[in-house]
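The values are calculated or read from the model by the stated rules, or taken from the named source; none is laboratory data. Predicted, not measured: the structure shown is a model, and the values here were computed from it. Cβ sites come from the backbone with ideal geometry, for glycine too, and all protein chains shown count toward neighbours.
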Amino acid sequence: MQLFWLSLLPCLYVTSLCSAEQGLEFPSFDGKDRVLHINERNYKKALKMFDMLCLLYHEPQPAHKGRQKQLQMTELVLELTAQVLEDKDIGFGMVDSQKDAKVAKKLGLEEEGSLYIFKDDRVIEFDGELSADTLVEFLLDVLEDPVELISNPMELRAFERMEEDIRLIGYFKGEDSYYKAFQEASERFQPYIKFFATFDKATAKHLSLKMNEVNFYEPFMEEPAILPGRQLSEMEIVEFVHQHKRATLRKLRAEDMFETWEDDLDGIHIVAFAEEEDPDGYEFLEILKDVARDNTNNPELSIVWIDPDDFPLLTTYWEKTFKVNLFKPQIGVVNVTDADSVWLDMSNDEDLPTAEELEDWIEDVLSGKVNTEDDDDVKDDYDYDRVDREDRHHGDDHEDHGDYDDHDDSD
């Protein structure tokens with residue numbers, strides 16, 4: 001699951017080096033063991049004991065000291081998460097892929113390094129960054145109802161501002177209606193895809209929704225795809241979502257970053273880096289949205305947008321791997337197997353490429369005229385040391401983890 005160029009030691013909350021005022025203290029591990037060792041003797045009891053059970057399926061104790069430390073850090077992430085959510089009736093456990101192979105088989109655990117969440121009769125695989133803050137937020141989302149009801153203008157405005165998310169919203173007569181099939185379908189995608197419903201005529205009119213009709217909003221798209229207003233089954237809704245869930249432009253998010261990266265097209269991703277809070281980054285993102293909207297019906301096109309501000313521990317590593325300066329907008333094509341890449345020449349500091357120029361370059365990528373072998377002659381021309389000496393926005397507190405370069409690419 002954790003591709004080599006995205007792997008890093010899990011991030012833990014730590015107490016501030018300076019004294020914090022009351023009410024603004026980050027939690028630190030209190031030393032109490034809350035994470036269970038799950039085996040054949042206790043797994044059934046653990047499933048019954050908690051409303052929700054999170055199990056890390058991990059490799060046997062490794063001999064390599066670095067990997068031992070990483071496993072210990074991962075366990076600490078679980079311990080801190082369990083501590084923070086102690087009053088939420090969520091259990092945490094670890095399953096050794098060798099010692100507890102029989103349990104893993106019974107529970108359907110398959111991928112080492114993955115975290116599986118058992119809730120009611122569902123199993124949800126967490127496919128994001130295994131850090132305490134990301135995991136806490138994810139699990140709190142799983143605890144929520146899978147469908148959120150919208151009944152007033154304020155809630156409607158909030159819904160319309162969620163442009164980065166895949167969203168579905170349906171208009172139903174009430175809870176004893178086609179809404180039940182919609183609700184059951186939502187459970188299959190929680191919390192990765194947002195489901196909303198309304199029983200309010202004014203809200204439905206604003207969204208141009210007819211009775212029993214469902215709107216499917218792709219990220220950054222203004223116009224939805226529509227599921228017809230008739231009695232659809234749970235499976236028909238599920239199939240529709242699966243057919244439409246790969247967005248033309250999607251943002252890499254900590255909570256599902258590995259799932260996004262694994263969902264490539266023919267072994268490549270078109271990747272765009274842009275800081276949304278930076279003027280040039282914002283402008284470039286708006287251009288990307290225009291390109292995506294113009295090409296939303298092209299099933300061969302999917303652009304992954306990464307905001308470097310969301311991944312400060314990875315930024316330096318990405319720059320070294322891709323040989324680009326990520327404190328200015330970039331777009332390129334990346335091979336998911338070896339992270340080989342080639343990037344659009346955007347050396348003109350005065351003007352960003354137009355939507356038409358981007359579309360021409362993307363057409364060359366999709367036709368094979370631009371591919372990841374094209375960068376072999378130009379990689380050495382990029383002076384990373386020169387960029388390192390330039391103003392990089394970070395100041396003196398930017399972290400650079402040297403162990404990235406030593407990471408085993410076989411992961």
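Within segment 92-104, is there a residue that is among the basic types (Lys, Arg) and closer than 23 Å to Gln190 by Cα?
First pass over segment 92-104, keeping only residues among the basic types (Lys, Arg): 99, 102.
Still in the running and closer than 23 Å to Gln190 by Cα: none.
Checked segment 92-104: no residue is among the basic types (Lys, Arg) and closer than 23 Å to Gln190 by Cα.
Are any residues in segment 259-281 of a type in the set (Gly, Ala, Ser) and assigned to a helix (DSSP H, G or I), and if so, which ones?
Residue satisfying the conditions is Gly281 alone.
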* Give the residues of segment 74-121 that are surrounded by 13 or more Cβ atoms within 10 Å (Cβ to Cβ), of a type in the set (D, E, K, R), over 23 Å from the mean Cα position of the chain (by Cα) and under 16 Å from Glu59 (Cα atoms), sorted by residue number. => Asp96, Lys99, Asp100
* To do: Only residues that are closer than 24 Å to Asp133 by Cβ and of a type in the set (S, T, N, Q): list them for segment 234-286, please.
  => Thr260
* Find all pairs meeting these conditions: Cβ atoms under 8 angstrom apart; at least six residues apart or on different chains; first residue within segment 356-373 and surrounded by 18 or more Cβ atoms within 10 Å (Cβ to Cβ); second residue part of a helix (DSSP H, G or I). => Leu358/Ile287; Leu358/Leu288; Leu358/Val291; Ile362/Val291; Val370/Trp361; Val370/Asp364
* For residues in segment 156-178 being in contact (Cβ under 8 Å) with a residue 24 or more places away in the chain and outside any loop (DSSP other than H, G, I, E, B), which is nearest to His206 (Cα to Cα)? -> Leu156
* To do: For segment 240-258, state whether one or more residues are touching a helix residue (DSSP H, G or I) at 6+ places or on another chain (Cβ under 7 Å), part of a loop (DSSP other than H, G, I, E, B) and of a type in the set (Ser, Thr, Tyr).
  => yes
* Identify, please: which residue in segment 129-184 is in contact with a Leu (Cβ under 7 Å, 6 or more places away or on another chain) and within 12 Å of Phe196 (Cα to Cα) and is, among those, surrounded by the fewest Cβ atoms within 10 Å (Cβ to Cβ)? -> Ile150
* Asked: With respect to Arg34, is the statement that it is at pLDDT 95 or above and either in contact with a strand residue (DSSP E or B) (Cβ under 8 Å, 6 or more places away or on another chain) or farther than 23 Å from Leu140 by Cβ (or both) true?
  -> yes
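In segment 98-120, which residues are in a loop (DSSP other than H, G, I, E, B) and under 22 Å from Asp51 (Cβ atoms)?
Pass one, segment 98-120, residues in a loop (DSSP other than H, G, I, E, B): 98-100, 108-113, 120.
Correct list: Gly108, Leu109, Asp120.
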* Structure fact -> Within segment 329-354, residues being of a type outside the set (A, V, I, L, M, F, W, C) and more than 25 Å from the chain's Cα centre (by Cα) number 8
* **Residue count for segment 29-51, restricted to those that are without any contact (Cβ under 8 Å) to a residue 24 or more places away in the chain and either part of a loop (DSSP other than H, G, I, E, B) or of a type in the set (A, V, I, L, M) (or both)** => 3
* To do: Select, from Ala254, Ala274, Ala202, Ala225, the only residue that is surrounded by fewer than 19 Cβ atoms within 10 Å (Cβ to Cβ), within 17 Å of the chain's Cα centre (by Cα) and not charged (D, E, K, R).
  => Ala254
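State the number of residues belonging to segment 193-251 that are of a type in the set (Phe, Trp, Tyr) and on the phi > 0 side of the Ramachandran plot. Talk me through it step by step, then tell me what you get.
From segment 193-251, those of a type in the set (Phe, Trp, Tyr) are 195-196, 199, 216-217, 220, 240; that's our starting set.
Still in the running and on the phi > 0 side of the Ramachandran plot: 220.
So the count comes out to 1.
Condition check ((1) without any contact (Cβ under 8 Å) to a residue 60 or more places away in the chain; (2) of a type outside the set (D, E, K, R)) across all residues:
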site: Met221; (1), (2): no, yes
site: Glu234; (1), (2): yes, no
site: Glu239; (1), (2): yes, no
site: Gln243; (1), (2): yes, yes
site: Met257; (1), (2): no, yes
site: Asp266; (1), (2): yes, no
site: Phe273; (1), (2): yes, yes
site: Ile287; (1), (2): no, yes
